[in-house]
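Trainee: Okay, handing you the structure first.
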Amino acid sequence: MAVTIWHNPRCSKSRETLRLLETRGIAPEVRDYQKEPPTMAELQDALMKLGQPAAAMIRWKDTDLPKDADENEILSALTANPKLIERPLVLTDTAARIGRPPETVLEIL
């Protein structure tokens, strides 16, 4: 199974999640999403796999978007400013989970 982590090496939860995967023998593709931002299509695919609204993917404390922003507004904000993406995000071919707490990602493996 292919596993990808949208990773921020400066984030402790992201580092913990990566370490958790590696200790379980999983060698994910590590994507620094701030250096290689996801496209709108990739964000939409991640949301479909996550099974949650776009609001689940945004770091609300780092944005001034209104809490009632619609999906398109949130996705546009994430595309324009990838540091707003909640991290880490672990994706497989069929599912995704946000690693908060890190153990949450084990549900899809």
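The values are calculated or read from the model by the stated rules, or taken from the named source; none is laboratory data. Small disclaimer: the values here were computed from a predicted structure and weren't measured. For neighbour counting, all protein chains shown are included, and Cβ atoms are generated from backbone atoms with ideal geometry for every residue, glycine included. Note: accessible area is taken over every heavy atom of the protein model, side chains too, but ligands, DNA and RNA are not part of it. Shrake-Rupley method; radii C 1.70, N 1.55, O 1.52, S 1.80 Å.
Trainee: Give the stretch 12-35 a look and list any residue that's hydrophobic (A, V, I, L, M, F, W, C), part of a loop (DSSP other than H, G, I, E, B) and either in contact with a strand residue (DSSP E or B) (Cβ under 8 Å, 6 or more places away or on another chain) or surrounded by 14 or more Cβ atoms within 10 Å (Cβ to Cβ) (or both), or say none.
Mentor: The one that is hydrophobic (A, V, I, L, M, F, W, C), part of a loop (DSSP other than H, G, I, E, B) and either in contact with a strand residue (DSSP E or B) (Cβ under 8 Å, 6 or more places away or on another chain) or surrounded by 14 or more Cβ atoms within 10 Å (Cβ to Cβ) (or both): I26.
Trainee: Quick check on this structure: which one of A2, A69 is among the small types (G, A, S) and closer than 21 Å to T94 by Cβ?
Mentor: That would be A2, the only listed residue that is among the small types (G, A, S) and closer than 21 Å to T94 by Cβ.
Trainee: Can you find a residue in the stretch 52-63 that is buried (at least 17 other Cβ atoms within 10 Å of the Cβ), within 28 Å of R24 (Cβ to Cβ) and basic (K, R)?
Mentor: No; the residues of the stretch 52-63 include none that is buried (at least 17 other Cβ atoms within 10 Å of the Cβ), within 28 Å of R24 (Cβ to Cβ) and basic (K, R).
Trainee: Separate question: Which of the following residues is of a type in the set (G, A, S) and in contact with a helix residue (DSSP H, G or I) (Cβ under 8 Å, 6 or more places away or on another chain): A80, A41, A69, A2?
Mentor: None of the other options fit; the residue is A69.
Trainee: Those residues that are closer than 17 Å to P9 by Cβ, touching a residue at least 60 places away in the same chain (Cβ under 8 Å) and open to solvent by less than 60 Å² (accessible area, probe 1.4 Å), I need them from the stretch 71-104; list them, please.
Mentor: I85, R87, P88, L89, V90, G99, P102
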